[in-house]
1. Do we have any residue at all in the range 50-66 that's hydroxyl-bearing (S, T, Y), touching a strand residue (DSSP E or B) at 6+ places or on another chain (Cβ under 8 Å) and assigned to a strand (DSSP E or B)?
2. Just to be sure before I move on: is Q81 under 29 Å from A195 (Cβ atoms), modelled with pLDDT under 95 and surrounded by 16 or more Cβ atoms within 10 Å (Cβ to Cβ) in the structure I sent?
3. Taking G48 and the conditions (1) modelled with pLDDT of 95 or more; (2) of a type in the set (G, A, S); (3) open to solvent by 20 Å² or more (accessible area, probe 1.4 Å), which numbered condition does it fall short on, given that it satisfies the others?
4. If Y140 satisfies all but one of (1) open to solvent by 60 Å² or more (accessible area, probe 1.4 Å); (2) within 14 Å of the chain's Cα centre (by Cα); (3) of a type outside the set (G, A, S); (4) closer than 13 Å to A19 by Cβ, what's the number of the condition it fails?
5. Against the condition closer than 23 Å to S182 by Cβ and at pLDDT 95 or above, how does L95 come out, does it pass?
6. Can you give me the number of residues within the range 21-41 that are within 12 Å of M1 (Cα to Cα), assigned to a strand (DSSP E or B) and either open to solvent by 70 Å² or more (accessible area, probe 1.4 Å) or not hydrophobic (A, V, I, L, M, F, W, C) (or both)?
7. Restricting attention to the range 81-135, which residues are among the small types (G, A, S), touching a strand residue (DSSP E or B) at 6+ places or on another chain (Cβ under 6 Å) and under 23 Å from F172 (Cα atoms)?
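The values are calculated or read from the model by the stated rules, or taken from the named source; none is laboratory data. Keep in mind it's a predicted model, so treat the numbers as computed, not measured. Cβ placement follows ideal geometry from the backbone for every residue including glycine, while neighbour counts extend to all protein chains displayed. Please note that ligands, DNA and RNA were not included when accessible areas were found on the heavy atoms of the full protein model with its side chains. Shrake-Rupley method; radii C 1.70, N 1.55, O 1.52, S 1.80 Å.
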Amino acid sequence: MSISIVKYNAGNIFSVENALHRLGVEATVTDDPLVLSQSDKVIFPGQGEASHAMAYLRAHGLDEVIRHLRQPVLGICIGQQLLCTHSEEGDTDCLGIIDAPVVRFRPTRPDEKIPAMGWNSLYDLETPLFEGLGDTPYVYFVHSYYVPLCAATIAKADYTLPFSAALHKDNFYATQFHPEKSGSTGERILRNFLAL
């Protein structure tokens, strides 16, 4: 099975590569459209700023490549946000694969810090991505922006309000949290994705 990780102007890509390595899976970090298109699975991770990330994707033709992928794709963190239609971060038009906006947290209490950082529980889990995890697994988040609950939501979490912790549409899956930093729970999610 060939696994590719999308190489673009974002951080945290190599921690995903290392997490896969711990599972005994070797992945290729690439921005080559042909390699991405021919891979069995594609992971689209990252940490960064939406407008800069989208500018890099467009400049390298990766926006169209990602839109046309037909194999299972997993977006992580900003990779989830960029799959959506528009982000308030930098007033950025994104890939438009999932019909949902990305908005900034607006805290209403002093204890609600931005970015939301740390462990949080998931609930209302759907799809095989979360098979074997129980009802409320804990995972690791670092984010200032979120996707509101929508038709594509397959897992929820709460921070200032309920939000989409994970999304799914067709062959595209995405998590706002970091499976690669979420211990055994995250490892199980990555294994489940690889088994799709």
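1. The answer is no, given that none of the residues of the range 50-66 is hydroxyl-bearing (S, T, Y), touching a strand residue (DSSP E or B) at 6+ places or on another chain (Cβ under 8 Å) and assigned to a strand (DSSP E or B).
2. So Q81 does not fit the description; no.
3. For G48, the exception is condition (1).
4. (1)
5. no
6. Qualifying residue count for the region: 2.
7. Correct list: S87, A100, S121.
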